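The values are calculated or read from the model by the stated rules, or taken from the named source; none is laboratory data. None of these values were measured; they are calculated from a predicted model. Glycine also receives a Cβ, built like all others from the backbone with ideal geometry; neighbour counts cover every protein chain displayed. Surface areas here come from the heavy atoms of the whole protein model, side chains and all, with no ligands, DNA or RNA. Shrake-Rupley method; radii C 1.70, N 1.55, O 1.52, S 1.80 Å.
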Amino acid sequence: MAEGERQSPPDSSEDIPPATQNFIIPKKEIHTVPDMGKWKRSQAIEKLVALLNTLDRWIDETPPVDQPSRFGNKAYRTWYGKLDEEAENLVATVVPTHLAAAVPEVAVYLKESVGNSTRIDYGTGHEAAFAAFLCCLCKIGVLRVDDQIAIVFKVFNRYLEVMRKLQKTYRMEPAGSQGVWGLDDFQFLPFIWGSSQLIDHPYLEPRHFVDEKAVNENHKDYMFLECILFITEMKTGPFAEHSNQLWNISAVPSWSKVNQGLIRMYKAECLEKFPVIQHFKFGSLLPIHPVTSC
């Protein structure tokens, strides 16, 4: 399919494609990227990046306010209020007009993905909501299987950049953090995808991600190392003390074993934890109904 082309629209301008259509859930299936410079860039991907660029610009337009409390700057609520108001308009720029009926449902996941405006916090549940947002766009046919590399390393990576800017600008609290015993205060999925990206790397091994020189020289090309760099920018003291779980992971012999372990950890620590999943919202695109056996 040529660059910029989309799948043919459904016969009905009102019908959302059925749940039986083939689609890719952007989560754990990404493997090595043979050539980082040759991603497929569909119009949908570019429009999603533009959407995230808008969220980024709004941060610049909504500076922190002076307040006694060190954490949770209340200007975040102003920023979030703008997203709450404009979310459906933003999503409508990504979704073609014949699928306009899906916009209100999909927009919910975008709003859920940026943190909580009451507590001014952010965590893996919000991150999962952005994965769900992308999944919904896959299910309605806006994103395609061919887009999967760009979904992670272009769109999701841009999302991470905006979330890091939010966290730093408004001093957001980590939602449900396990402190030193957790993997990371804010994210989890980029460690899974990032470790997949490094499988069979010719010279970077898990032990290298605790090497400051290796991280500084390679972080722009590898999602996992970019996560490590952000942690070291945000935390002080020895890495082994403030990020003990990651320090232990650095002793694992191969990236494939790191990746497998992180997938198991994500299932146990995020997908099966009530404090995380209780906030997840279900609709027609991501229903809570049990899977029916074939």
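At a glance:
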| item | result |
| --- | --- |
| Restricting segment 192-218 to residues that are open to solvent by 30 Å² or more (accessible area, probe 1.4 Å) and in a helix (DSSP H, G or I), the residue that is nearest to Ser254 (Cα to Cα) | Arg207 |
| Subset tally (residues that are closer than 20 Å to Tyr266 by Cβ, of a type outside the set (D, E, K, R) and without any contact (Cβ under 8 Å) to a residue 60 or more places away in the chain) for segment 120-143 | 3 |
| Residue among Thr232, Thr236 that alone is free of Cβ contacts under 8 Å to residues at least 24 places away in the same chain, of a type in the set (Val, Ile, Thr) and within 22 Å of Glu127 (Cβ to Cβ) | Thr232 |
| Verdict on Gly81 being assigned to a helix (DSSP H, G or I), farther than 22 Å from Val142 by Cβ and over 19 Å from the mean Cα position of the chain (by Cα) | yes |
| Any hit, segment 219-239, residues being part of a helix (DSSP H, G or I), farther than 23 Å from Arg171 by Cα and within 23 Å of the chain's Cα centre (by Cα) | no |
| Filtered residues of segment 54-79 (kept if modelled with pLDDT of 95 or more and among the small types (Gly, Ala, Ser)) | Ala75 |
| Test for Val106: is it open to solvent by less than 10 Å² (accessible area, probe 1.4 Å), in contact with a helix residue (DSSP H, G or I) (Cβ under 7 Å, 6 or more places away or on another chain) and assigned to a helix (DSSP H, G or I) | yes |
